[in-house]
Amino acid sequence: MTYAPSTPAARARRFKLAPLGALAAGFGLAQGLASAQAVAPAKVSAPAAAASAAAAAPAAEASGDAAPVMPVVRAKAEVERQGKDDYQTKRTRIGKGEQELRDIPQSITVVTEKLIDDRNLDTMKDVLRNTAGITFQAAEGGEEDIRLRGFALQTTGDVFIDGLRDPAFYDRDTFFLDRIELLRGSAGLLFGRGSTGGAVNQVTKQPYLMTEKQVDVTVGSGSYVRTVGDFNVKLGESSAVRVGTMFTKADNNGAGSSLNKRGVALAWRTGIGERHEFAATLYYLDNDNGINYGLPYAFRSTAEASLPNGVRPPASRLLPLEPDAYYGLASDRNDGTAGIVSLSHTWRLARGQEITTKVRYGDFTRDQRASTVRFAAATAQPGGVPASLETFGPNTVFTRGFQPKVQDMQTLIVQSDYSGAFKLLGMTHELQAGIDLTRERKQVYQARNAAQGGVVPPKPNTTVGTPDDGASVNESLRSFRLGNEYESRAGGVYVQDLIEFIPNWKLLAGLRYDYLTGDYDSYAFTGSATPDTRTSYRMNVSEVSRRLALLFQPSERLSFHLSGATSFNTSGDAYALSASNVDTPPEQSINVELGARANSADGNFTARAAIFRTTKLNERNTDPLINLTTLSGKRHASGFELDLTGRITPNWEVFGSYAWIPNATIDVAVANAEPQGARPALTPRHSGTIWTTYQFSPKWRAGAGVNARSGVSPVGAMVPFDVPRYVTGDVMAEFKANDQLTYKLNVSNVTDKLYADGVYRVHYVPGPGRTVAVTGNFKF
């Protein structure tokens, strides 16, 4: 039985759509303007332009010009392929320099802009939820703690933008992304520290040599309104600019959080495909969102809830509430900004050789004020008995605690990479080498309590039967002070060579050296009359990462690989040091993979499969006897992964991602941690997604898919328990009114399945319930 939002008013709120008449009227006006412009000369489509440029390439080569410059027309043709064209992609830059995916001896799942649009995925988290092997921890600080194969990603800084580290915590939007690449397994050689389970690379949209403009307007459940603009303008023979805009607002995102965000991006390129190519990107995202921090687990019965500590089993049951039920305060918020400036220069030395240098500065802010929703004590509950599923009802009382996370971060990255192909000693070499320098600064602010002269507004309780009660506190009364700050300076240098030593056989070998110095200052504050007391720690890291692989490619359609790679995680990955961990060496990990990639005869469909074993050789644990962090643990995960991507027929397109991890174990444990022999937390045995679309006619296209995950146990549960498995389904229908105007309907989680999306030992964050969205897409 469900409670809170089951009233007619609540149901109406969940499925309230903005007036569709306004949407239709707006696009009708735009269509009229497009018709008025029909007398303008027709422009050549992107595929036609690419074909024309490719046809011109042989003529350019025949001119006999011996200058070591890549043929301009060929380079310009290659950039025409966009993530909005297909589900399938064949090339990537995640491996330092542009490479074919078949030449990377490691599993990579790519989600293109077209798939993002078809499934109506607004955030990076939405995209990752629709891939295999991914789980989310509902961390105490509210962070989006991403796990891949059960290993942490974001808390170790393994999120990137165009190959450069993007370590800040903020709600990342997809409005200016061409695709998202998910690299699976250790990637220390590519990125340095972190990367035990893998890495996420966000590939931004780039200007190209055509003028195309597009506006998407979406309305949906929970008063959802989203507008996205994508404007690409050709400025000259080799220059272009691209502008992206986004505005999103909603009362409820289907999982209890309100949305209010906006973003703008400006990208400029000149010398596209020429000897010297320059690019600059400005990006700004402003989030003023709400936050559903989560709900507590419930005991099964009053008798169970009444047992004393040490005997009582953990509360482990999801509450029978609608997925969008919200019990926080109206004043809760998850605000933040991300401002990024990127500059790059590509120097094409000769055919197949180039040096790309990038400089990026990022400035990030975050201001989270969340309510920790918990069951009130038995004395405050109806009948004076502890809350459980037996007594759960509209009068059950929740308390609302306070969980802030106020912090700023600044990053500066300089990276230069060389890639070149050449012949030496009768063998073909594809050499990559580079250097990167990084400075990261982070400041964390703490709320003053009453003893420190601060104001602590009391938060009122609420009941199950009164969600969205509108209660609030004046958050402006709180004052904050600097609690700690961290600064790291890091550098890395790497080299790897892909050698075709005999026909069809290639050997990849690489080494990387990293150094890192981290300084951490913690400030103790006892009262307004007492000065801060600073405690300082310094961490020094010097590590080598390795990569070795053998590839067998009997044809253009088939590629097989056997690879091994290492990685390391430092004690300062979470930007905090203490006496217990400052001298702890980095954790060491290794990933071994045997995989294959096969393309269809026409090249439009790709299947990827791999078996893997990822091992963390010496996991950090805190020794309770001496309160020191030691490398006393060991764990591993091994399994099988499968990706299917592309067109089975010209009208039938498919994306599938599946992970089976039958063997995952804590091999060596310590006291007060996950027990030895247990399955590690947040490591699902089965997880995956399948999505397919079919073009029934020139005007009609439809799609459907499912997501599934088996049960997982939360991190930190002293007595392990599993959060239930789930399966959700999505559908899509698209109608193309004409070449300029398309309408699309998305229904996500069609059965309104209740499930836990993010899990922690004492609470969970529900996944979005059923949402309906209608999008109008206008191209001009």
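Being in a strand (DSSP E or B), among the small types (Gly, Ala, Ser), surrounded by 19 or more Cβ atoms within 10 Å (Cβ to Cβ) and modelled with pLDDT of 95 or more, is that true of even one residue in the stretch 690-702? No: the stretch 690-702 contains no residue that is in a strand (DSSP E or B), among the small types (Gly, Ala, Ser), surrounded by 19 or more Cβ atoms within 10 Å (Cβ to Cβ) and modelled with pLDDT of 95 or more.
What is the residue count in the stretch 673-686 for residues that are in contact (Cβ under 8 Å) with a residue 12 or more places away in the chain, open to solvent by 10 Å² or more (accessible area, probe 1.4 Å) and at negative phi?
First, pick out the residues of the stretch 673-686 that are in contact (Cβ under 8 Å) with a residue 12 or more places away in the chain: 673-675, 677-686.
Next, from what is left, pick out any that are open to solvent by 10 Å² or more (accessible area, probe 1.4 Å): 673-675, 677-679, 685-686.
Retained after the next criterion (residues that are at negative phi): 673-675, 678-679, 685-686.
Looking only at that region, the number is 7.
Taking the conditions (1) over 30 Å from Ile291 (Cα atoms); (2) within 25 Å of the chain's Cα centre (by Cα); (3) of a type in the set (Asp, Glu) in turn, Asp363 satisfies each one other than (1).
Looking only at the stretch 494-546, residues that are under 25 Å from Gln99 (Cβ atoms) and free of Cβ contacts under 8 Å to residues at least 60 places away in the same chain come to 8 in all.
Scanning for something part of a strand (DSSP E or B) and either open to solvent by 40 Å² or more (accessible area, probe 1.4 Å) or touching a Ser or Thr at 6+ places or on another chain (Cβ under 6 Å) (or both), does the stretch 713-722 turn up at least one residue? If you could, list the steps in order and put the result at the bottom.
If we filter the stretch 713-722 for residues that are part of a strand (DSSP E or B), which is where we start, we get none.
No, the stretch 713-722 has no match at all.
Inspect all residues belonging to the stretch 371-381 and state whether any of them is under 30 Å from Glu274 (Cβ atoms), over 34 Å from the mean Cα position of the chain (by Cα) and in contact (Cβ under 8 Å) with a residue 60 or more places away in the chain.
Keep residues of the stretch 371-381 that are under 30 Å from Glu274 (Cβ atoms), which gives none.
No, every residue in the stretch 371-381 fails to be under 30 Å from Glu274 (Cβ atoms), over 34 Å from the mean Cα position of the chain (by Cα) and in contact (Cβ under 8 Å) with a residue 60 or more places away in the chain.
Only one of the listed residues (Arg300, Arg275, Arg269) is touching a residue at least 60 places away in the same chain (Cβ under 8 Å), closer than 30 Å to Gln137 by Cβ and among the charged types (D, E, K, R). That residue is Arg300. Residues satisfying the criterion are present in the stretch 95-102 (criterion: modelled with pLDDT under 95, under 28 Å from Lys358 (Cα atoms) and part of a strand (DSSP E or B)). Please go through the stretch 224-261 and give me each residue that is over 26 Å from Glu277 (Cα atoms), among the aliphatic types (A, V, I, L, M) and in a strand (DSSP E or B), ordered by number. Selection gives Val225, Val228, Met246, Ala250, Leu259.
Identify, please: which residue in the stretch 293-303 is open to solvent by 20 Å² or more (accessible area, probe 1.4 Å) and more than 17 Å from Asp722 (Cα to Cα) and is, among those, farthest from the chain's Cα centre (by Cα)? Out of the qualifying residues, it is Ala303.
Considering the conditions (1) among the β-branched types (Val, Ile, Thr); (2) open to solvent by less than 30 Å² (accessible area, probe 1.4 Å); (3) under 35 Å from the mean Cα position of the chain (by Cα); (4) under 30 Å from Leu318 (Cα atoms), Thr399 is excluded by exactly one of them, (2).
Determine whether Pro404 is surrounded by fewer than 17 Cβ atoms within 10 Å (Cβ to Cβ) and either over 28 Å from the mean Cα position of the chain (by Cα) or touching a residue at least 24 places away in the same chain (Cβ under 8 Å) (or both). Show your work before the answer.
On the way: surrounded by fewer than 17 Cβ atoms within 10 Å (Cβ to Cβ): no; either over 28 Å from the mean Cα position of the chain (by Cα) or touching a residue at least 24 places away in the same chain (Cβ under 8 Å) (or both): yes.
Taking the combined requirement at face value, the residue does not satisfy it.
Considering only the stretch 167-210, state which residues are under 30 Å from Leu235 (Cβ atoms), in a loop (DSSP other than H, G, I, E, B), touching a Lys or Arg at 6+ places or on another chain (Cβ under 9 Å) and polar (S, T, N, Q). The answer is Gln206, and nothing else.
Taking Asp739 as meeting all but one of (1) more than 22 Å from the chain's Cα centre (by Cα); (2) within 21 Å of Thr645 (Cα to Cα); (3) open to solvent by 40 Å² or more (accessible area, probe 1.4 Å); (4) not β-branched (Val, Ile, Thr), write down the number of the exception. Result: Asp739 fails condition (2) only. The set of residues from the stretch 743-756 being surrounded by fewer than 20 Cβ atoms within 10 Å (Cβ to Cβ) and in a strand (DSSP E or B) comprises Tyr743, Leu745, Val747. Of the residues making up the stretch 234-253, those that are open to solvent by less than 50 Å² (accessible area, probe 1.4 Å) and more than 30 Å from Ala330 (Cβ to Cβ) number 8.
Only one entry in Glu674, Glu619 is assigned to a strand (DSSP E or B), under 28 Å from Ser186 (Cβ atoms), at pLDDT below 95 and of a type in the set (Asp, Glu), namely Glu619.
So which residues in the stretch 742-780 are β-branched (Val, Ile, Thr) and in contact with a Leu (Cβ under 6 Å, 6 or more places away or on another chain), if there are any at all? Before you say what the answer is, go through the steps one by one.
First pass over the stretch 742-780, keeping only residues β-branched (Val, Ile, Thr): 742, 747, 750-751, 759, 762, 765, 771-772, 774-775.
Within the stretch 742-780, just Val774 meets the criteria.
For the stretch 168-185, a tally of residues being open to solvent by less than 10 Å² (accessible area, probe 1.4 Å) and modelled with pLDDT under 90 returns 1. A count restricted to the stretch 410-453 and to residues that are surrounded by fewer than 19 Cβ atoms within 10 Å (Cβ to Cβ), among the small types (Gly, Ala, Ser) and touching a Lys or Arg at 6+ places or on another chain (Cβ under 8 Å) stands at 2. Of the residues making up the stretch 637-661, those that are over 22 Å from Ile180 (Cβ atoms) and open to solvent by 50 Å² or more (accessible area, probe 1.4 Å) are Phe640, Ile648, Thr649, Pro650, Asn651, Trp652, Trp660. Could you go through the stretch 262-276 and let me know if any residue there is over 26 Å from the mean Cα position of the chain (by Cα), in a loop (DSSP other than H, G, I, E, B) and among the acidic types (Asp, Glu). Checking the stretch 262-276: at least one residue is over 26 Å from the mean Cα position of the chain (by Cα), in a loop (DSSP other than H, G, I, E, B) and among the acidic types (Asp, Glu).
Table: residues versus (1) in contact (Cβ under 8 Å) with a residue 60 or more places away in the chain; (2) open to solvent by less than 20 Å² (accessible area, probe 1.4 Å); (3) more than 28 Å from Glu593 (Cα to Cα).
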{"site": "Gly150", "(1), (2), (3)": "yes, yes, no"}
{"site": "Thr196", "(1), (2), (3)": "yes, yes, no"}
{"site": "Gln206", "(1), (2), (3)": "yes, no, yes"}
{"site": "Thr218", "(1), (2), (3)": "yes, yes, yes"}
{"site": "Ser221", "(1), (2), (3)": "yes, yes, yes"}
{"site": "Thr227", "(1), (2), (3)": "no, no, yes"}
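Can Ser476 be described as over 26 Å from the mean Cα position of the chain (by Cα), in a helix (DSSP H, G or I) and more than 30 Å from Leu425 (Cβ to Cβ)? Against the criterion (over 26 Å from the mean Cα position of the chain (by Cα), in a helix (DSSP H, G or I) and more than 30 Å from Leu425 (Cβ to Cβ)), Ser476 qualifies. Contact map, the stretch 344-357: residues that are of a type in the set (Ser, Thr, Tyr) paired with residues that are open to solvent by 30 Å² or more (accessible area, probe 1.4 Å), Cβ distance under 6 Å, separation 6+ or inter-chain. Pairs shown: Ser344/Lys358; Thr357/His345; Thr357/Ser416.
The values are calculated or read from the model by the stated rules, or taken from the named source; none is laboratory data. None of these values were measured; they are calculated from a predicted model. With ideal geometry, Cβ positions are generated from the backbone for all residues, glycine too; neighbour counts draw on all protein chains shown. To get the accessible areas, we keep the full protein, side chains included, count just its heavy atoms, and leave off ligands, DNA and RNA. Shrake-Rupley method; radii C 1.70, N 1.55, O 1.52, S 1.80 Å.
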